[in-house]
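**Q** Below are the structure tokens for one structure; questions will follow.
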Amino acid sequence: LAEIVTEKRVTGAKIRNVSGGDLREIECDGIFVSIGRKPATEILGDKLALDKSGYIIADESTKTAIDGVFAVGDIRTKTLRQIVTATADGAVAAHFAEEYLSNIKKLEEKLKKEGNYSVSENSINYLKSPFYHPTIIQYK
């Protein structure tokens with residue numbers, strides 16, 4: 001992409017051929033720029049399983065191998081990478097995250113009734129950390 005052509009709005013794009021250097025203009029009403037196919041998963045270290053290309057391994061429910069951790073959008077291993085599929089991933093993950101949290105709440109209530117639930121000082125400190133995960137349950 002050499003230039004976005006505008007006249008109060010997008011009207012086209014000037015595209016340069018990377019082999020020959022030729023420039024041509026394409027008429028269009030909008031532009032979506034893809035910035036590459038390298039997922040930004042380095043921050044995860046070895047916390048989540050990644051495929052050979054560096055995408056997070058998650059099934060169609062967006063669930064990963066770690067309970068309560070969901071991967072959505074273009075960072076997840078999948079065949080098709082488009083805005084619409086990333087948006088759908090978000091809706092799917094929201095459903096399963098809500099279900100997961102509901103089950104955690106039910107388990108906590110059950111354990112409290114049975115007298116088998118407590119929160120340790122380590123758990124309280126963890127809850128304050130940026131790595132908080134809602135499954136901090138300790139059994140007596």
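The values are calculated or read from the model by the stated rules, or taken from the named source; none is laboratory data. Predicted model only: the values in this text are computed from it and were never measured. Note that we place each Cβ from the backbone using ideal geometry, even for glycine, and neighbour counts take in every protein chain shown. In case anyone asks, the SASA skips ligands and DNA or RNA and just uses the protein heavy atoms, side chains included. Shrake-Rupley method; radii C 1.70, N 1.55, O 1.52, S 1.80 Å.
**Q** Does any residue of the stretch 80-89 turn out to be loosely packed, with under 13 Cβ neighbours inside 10 Å and within 11 Å of the chain's Cα centre (by Cα)?
**A** Yes: one or more hits.
**Q** Then there is this: Which residues, counting only those in the stretch 40-73, are open to solvent by 100 Å² or more (accessible area, probe 1.4 Å) and within 15 Å of A97 (Cα to Cα)?
**A** Taking the stretch 40-73 first, the residues open to solvent by 100 Å² or more (accessible area, probe 1.4 Å) are 42-43, 46-47, 52, 60, 67.
Residues satisfying the conditions are E60, D67.
**Q** OK, next. Which is without any contact (Cβ under 8 Å) to a residue 60 or more places away in the chain, open to solvent by 80 Å² or more (accessible area, probe 1.4 Å) and in contact with a Leu (Cβ under 6 Å, 6 or more places away or on another chain), of R16, R37?
**A** R16
**Q** To continue, here is another question. Conditions first: (1) more than 30 Å from A88 (Cα to Cα); (2) in a loop (DSSP other than H, G, I, E, B). A65 passes all but one, so which condition is the exception?
**A** Of everything listed in (1) more than 30 Å from A88 (Cα to Cα); (2) in a loop (DSSP other than H, G, I, E, B), A65 misses just condition (1).
**Q** Same structure again: If I filter the stretch 19-34 down to residues being of a type outside the set (A, V, I, L, M, F, W, C) and open to solvent by 70 Å² or more (accessible area, probe 1.4 Å), which single residue comes out as farthest from Q82 (Cα to Cα)?
**A** It comes out as D22.
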